[in-house]
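Novice: A single structure is presented below for examination.
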Amino acid sequence: MSVTTHAPAPAPASAGAAPAISAADLLAFTLRTASDPELIASLPLDPEGRTWIRLDGPGGSEAWLIGWPPGTGTGWHDHAESRGAFTTASGRLTEHSLAVRLPSEGWQSLSLAPDVDRTRGLEAGSGRAFAEHHVHEVLNESTTEHAISVHAYYPPLPLIRRYSRTGPVLTLEQVERPADWQ
């Protein structure tokens, strides 16, 4: 299933150059899209697993409407060279993130400093933007309610790196390419 949403075009760039889509542009798109009750209601929800619909994001960005059953989450991951944003449309999501820039490659396991963990709750209507190589996990910690969110990434996701975490040790477990989730 595919849903198309429309966003205002970004301001024109200099002659011949494509306009850059910033994390702020992505956040504005996710906030606007998350406030569309008809679109949010169109997402089929599954009691067992996450569901999603691909959206048309602004300026060639990749965007998704995602449903989160109670108790589900993403696990630790990053979006490589893509910047992104997400907004909770209904329910509540929790984001755990690392306030440190990790090397983009050349490592398998890292020991994290004790002060890098951040946690934020995102109620319906709230969102956040992030830069490239942002390592986080997103969770629906409710035991009874689905959550729904809108996500956007630019450039479109070249890959997702998945990590495991044991205490302060973060280990690269898997690299997924677009064919793995589309």
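Novice: Could you identify the single residue in 171, 119, 144 that is more than 12 Å from residue 78 (Cα to Cα), of a type in the set (S, T, N, Q), in contact (Cβ under 8 Å) with a residue 24 or more places away in the chain and part of a loop (DSSP other than H, G, I, E, B)?
Specialist: When all the criteria are applied, what remains is 144.
Novice: Moving to a separate point now. Of these, 139, 110, which one is open to solvent by 30 Å² or more (accessible area, probe 1.4 Å), modelled with pLDDT under 95 and touching a Ser or Thr at 6+ places or on another chain (Cβ under 9 Å)? Talk me through it step by step, then tell me what you get.
Specialist: Working: 139 fails: modelled with pLDDT under 95.
Testing whether each residue is open to solvent by 30 Å² or more (accessible area, probe 1.4 Å), modelled with pLDDT under 95 and touching a Ser or Thr at 6+ places or on another chain (Cβ under 9 Å) leaves just 110.
Novice: Filter segment 41-65 down to the residues that are open to solvent by 20 Å² or more (accessible area, probe 1.4 Å) and farther than 15 Å from residue 156 by Cα and list them by number.
Specialist: 41, 42, 44, 45, 46, 47, 48, 49, 50, 51, 52
Novice: Of the conditions (1) open to solvent by 20 Å² or more (accessible area, probe 1.4 Å); (2) small (Gly, Ala, Ser); (3) under 15 Å from the mean Cα position of the chain (by Cα), residue 71 fails just one. Which one is it?
Specialist: Among (1) open to solvent by 20 Å² or more (accessible area, probe 1.4 Å); (2) small (Gly, Ala, Ser); (3) under 15 Å from the mean Cα position of the chain (by Cα), the lone unmet condition for residue 71 is (3).
Novice: Here's another thing I want to ask about it. Inside segment 113-136, can you point out the residues that are surrounded by fewer than 16 Cβ atoms within 10 Å (Cβ to Cβ) and hydrophobic (A, V, I, L, M, F, W, C)?
Specialist: 113, 116, 131
Residues are listed down the side, and each one gets a yes or a no for (1) part of a loop (DSSP other than H, G, I, E, B); (2) of a type in the set (A, V, I, L, M, F, W, C); (3) in contact (Cβ under 8 Å) with a residue 40 or more places away in the chain; (4) under 18 Å from residue 146 (Cα atoms):
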| site | (1), (2), (3), (4) |
| --- | --- |
| 40 | no, yes, yes, yes |
| 49 | yes, no, no, yes |
| 59 | no, no, yes, no |
| 64 | no, yes, yes, yes |
| 96 | no, no, yes, no |
| 101 | yes, no, no, no |
| 105 | yes, no, no, no |
| 114 | yes, no, yes, no |
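Novice: Name the single residue, out of those in segment 82-94 being assigned to a strand (DSSP E or B) and in contact with an Asp or Glu (Cβ under 6 Å, 6 or more places away or on another chain), that is farthest from residue 155 (Cα to Cα).
Specialist: Once the filter is applied, the top-ranked residue is 92.
Novice: Here is a further query. I want to confirm something. Restricting to segment 161-179 and keeping residues that are under 19 Å from the mean Cα position of the chain (by Cα) and of a type in the set (S, T, N, Q), which single residue is least open to solvent (accessible area, probe 1.4 Å)?
Specialist: Filtering first and then ranking leaves 164.
Novice: Here is a list of conditions, (1) among the hydrophobic types (A, V, I, L, M, F, W, C); (2) closer than 20 Å to residue 157 by Cα; (3) out of contact with any strand residue (DSSP E or B) (no Cβ under 9 Å at 6 or more places or on another chain), and residue 129 meets all of them except one; can you say which number that is?
Specialist: (3)
Novice: Might you check whether a residue that is in contact with a Pro (Cβ under 8 Å, 6 or more places away or on another chain), open to solvent by less than 60 Å² (accessible area, probe 1.4 Å), within 26 Å of residue 165 (Cα to Cα) and not hydroxyl-bearing (Ser, Thr, Tyr) occurs anywhere in segment 84-104? Walk me through how you get there before you give the answer.
Specialist: Within segment 84-104, the subset in contact with a Pro (Cβ under 8 Å, 6 or more places away or on another chain) is none.
There is no residue in segment 84-104 that is in contact with a Pro (Cβ under 8 Å, 6 or more places away or on another chain), open to solvent by less than 60 Å² (accessible area, probe 1.4 Å), within 26 Å of residue 165 (Cα to Cα) and not hydroxyl-bearing (Ser, Thr, Tyr).
Novice: Among the residues of segment 160-182, write down those that are in contact with a strand residue (DSSP E or B) (Cβ under 6 Å, 6 or more places away or on another chain) and under 22 Å from residue 29 (Cα atoms).
Specialist: Once the filter is applied, which keeps residues that are in contact with a strand residue (DSSP E or B) (Cβ under 6 Å, 6 or more places away or on another chain) and under 22 Å from residue 29 (Cα atoms), segment 160-182 yields only 160.
The values are calculated or read from the model by the stated rules, or taken from the named source; none is laboratory data. Not measured: the values here are computed from a predicted model. Every residue, glycine among them, receives a Cβ derived from its backbone with ideal geometry; neighbour counts consider all protein chains shown. Calculation scope for accessible area: heavy atoms of the full protein, side chains included, ligands and nucleic acids excluded. Shrake-Rupley method; radii C 1.70, N 1.55, O 1.52, S 1.80 Å.
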